Amino acid sequence: MTLQKVDVGFLEEKPSWQLHPRFFPSKVGGKPAWLNLQDLPSPSQLSCKKCNDPLIFLCQVYAPYEDDVEAFHRTIFIFICRNGSCSQTNSTQNFLILRCQLPRKNNYYSYEPYNEKETEEFNMEKWPKLCNICGCRSPSHCSKCKKVYYCSRKHQVIDWQNGHKEICSEIQKSITYKSSDFTVNNSAKSILFKEWELVVDEEDEEESSTVDTNKEMEKLCKMIQDKRDGTLNNVSEEELEQYAKTMPEDKVFNKFNKRIARHPDQVLRYDRSGNPLWITGNSGNSVLDIPKCQYCDGERHFEFQVMPQLLNYINVGIDSNSIDWGILAIFTCKSSCSVGPAYKEEYIIKQDLST
Ligand SMILES: [Zn+2]
Ligand SMILES: [Zn+2]
Ligand SMILES: [Zn+2]
Ligand SMILES: [Zn+2]
């Protein structure tokens, strides 16, 4: 058996402009840094299958296929519904996974990499307008100023209540007003996830001797316990020990904890064509049921997974009604086909620690 290297992802603070689409970022939160800027998914595609609210951008992973000219640039996007009540055990109805790819020579970006300068002009005039709140395609604008766009009535109301009311008439008069396509204004902050750069690096080979595996496992148990109780810091040591004692029955969970102890703060594991690191053996999920790619009819394979640690970084709250997951395993078209729409739907398995 050959051991394939796994890459792990961590979060770092980064100024928003450095996460602009022209830099092809991997990132969490804020607005999506779209790849193809023309053929964006429609608001109806980007709405929750349970409550119909607009889905909110969770994260994107830049993962080119080096040997495929059509996928010189390639990004996988994850969207999620903000409503905690739509988040149900092992159900993915509140998610949407999209894959987009471009050749090096394309209509949107220069052939050579951009300089890392904040002031560099990037003209968005040619491309569809983006929602002032969530950064998704927006068919309609504010009827007064006609300069600010929204994907939905819901996001227009949020913006109006959180500041647009005060500046609308000013914007109306201004001829130089330019919307902030990818930066997050104050009213958007109330609904978007906190923005981070996602930095991906090789996983260490061995458990580092400085990390106490048991400590890390306790920390994770505590986090899960906190989420379940909707409280923070009120779990006693005895309760924690009791809880930890019930865990060792789940061999998969033990393996999970042992492996993540190498990098306790990892939020992503990237292992293309590898296997997910499942969080529990006690769930009904099966990789045997992965549907074929609906565009080319080819096989899908595992590409990466989002870890529960991400929940700690994006301000989702810990009450039992907030969005939640154990792991999110993403399966994509193995050949990364180019047929079909610019943003192609891919497959997700959500595995929760059954409670
Ligand atoms: Zn929903
Ligand atoms: Zn919106
Ligand atoms: Zn307005
Ligand atoms: Zn395909």
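Can you report the number of residues in the stretch 49-69 which are more than 16 Å from ligand 2 (Cβ to nearest atom) and farther than 14 Å from LYS334 by Cα? Steps first, please.
Restricting attention to the stretch 49-69, the residues satisfying the condition of being more than 16 Å from ligand 2 (Cβ to nearest atom) are 49-50, 59-69.
Subset that is farther than 14 Å from LYS334 by Cα: 49-50, 59-62, 69.
Here the count works out to 7.
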**Asked** Among the residues of the stretch 298-308, is any over 27 Å from ASN36 (Cβ atoms), open to solvent by 10 Å² or more (accessible area, probe 1.4 Å) and either modelled with pLDDT of 95 or more or not hydroxyl-bearing (Ser, Thr, Tyr) (or both)?
**Response** no
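Search the stretch 61-85 for residues being closer than 22 Å to LYS105 by Cα and in a loop (DSSP other than H, G, I, E, B), and hand back the single one that is least open to solvent (accessible area, probe 1.4 Å). Break it down stepwise before answering.
Within the stretch 61-85, the first condition is being closer than 22 Å to LYS105 by Cα, and the residues that meet it are 61-77.
From what's left, in a loop (DSSP other than H, G, I, E, B): 63-68, 72.
Values: ALA63: 7, PRO64: 28, TYR65: 29, GLU66: 146, ASP67: 157, ASP68: 40, PHE72: 85 Å².
The residue in question is ALA63.
For the stretch 43-60, indicate whether the set of residues that are in contact with a His (Cβ under 7 Å, 6 or more places away or on another chain) and either surrounded by fewer than 21 Cβ atoms within 10 Å (Cβ to Cβ) or not in a loop (DSSP other than H, G, I, E, B) (or both) is non-empty.
Our first condition is that a residue be in contact with a His (Cβ under 7 Å, 6 or more places away or on another chain); within the stretch 43-60, this holds for 54.
Those left that are additionally either surrounded by fewer than 21 Cβ atoms within 10 Å (Cβ to Cβ) or not in a loop (DSSP other than H, G, I, E, B) (or both): 54.
Scanning the stretch 43-60, I find at least one residue that is in contact with a His (Cβ under 7 Å, 6 or more places away or on another chain) and either surrounded by fewer than 21 Cβ atoms within 10 Å (Cβ to Cβ) or not in a loop (DSSP other than H, G, I, E, B) (or both), so the answer is yes.
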**Request:** All but one of (1) touching a Leu at 6+ places or on another chain (Cβ under 8 Å); (2) at pLDDT below 90; (3) part of a loop (DSSP other than H, G, I, E, B) hold for ILE279, so report the exception by its number.
**Result:** (2)
**Item:** Residue in the stretch 138-159 that is surrounded by the fewest Cβ atoms within 10 Å (Cβ to Cβ), counting only those that are touching a residue at least 12 places away in the same chain (Cβ under 8 Å) and part of a helix (DSSP H, G or I)
**Value:** LYS154
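Any idea which of ARG99, ARG104 is in the same structural domain as VAL61 (by TED's automatic domain parsing), basic (Lys, Arg), open to solvent by 20 Å² or more (accessible area, probe 1.4 Å) and not in a helix (DSSP H, G or I)?
Details: ARG99 fails: open to solvent by 20 Å² or more (accessible area, probe 1.4 Å).
Of the residues listed, the single one that is in the same structural domain as VAL61 (by TED's automatic domain parsing), basic (Lys, Arg), open to solvent by 20 Å² or more (accessible area, probe 1.4 Å) and not in a helix (DSSP H, G or I) is ARG104.
Taking the criterion of being buried (at least 16 other Cβ atoms within 10 Å of the Cβ), more than 16 Å from ligand 3 (Cβ to nearest atom) and modelled with pLDDT under 95, would at least one residue in the stretch 161-171 satisfy it?
Keep residues of the stretch 161-171 that are buried (at least 16 other Cβ atoms within 10 Å of the Cβ), which gives 162, 164, 168, 171.
Next, from what is left, pick out any that are more than 16 Å from ligand 3 (Cβ to nearest atom): none.
Looking through the stretch 161-171, none of the residues is buried (at least 16 other Cβ atoms within 10 Å of the Cβ), more than 16 Å from ligand 3 (Cβ to nearest atom) and modelled with pLDDT under 95.
The values are calculated or read from the model by the stated rules, or taken from the named source; none is laboratory data. Just so it is clear, the structure is predicted and the values come from calculations on it, not from any experiment. Neighbour counts are summed over all protein chains in view; Cβ atoms, including those assigned to glycine, are modelled from backbone coordinates with ideal geometry. Ligands, DNA and RNA are stripped out before the accessible areas are found, and what is left, the full protein with its side chains, is counted by its heavy atoms. Shrake-Rupley method; radii C 1.70, N 1.55, O 1.52, S 1.80 Å.
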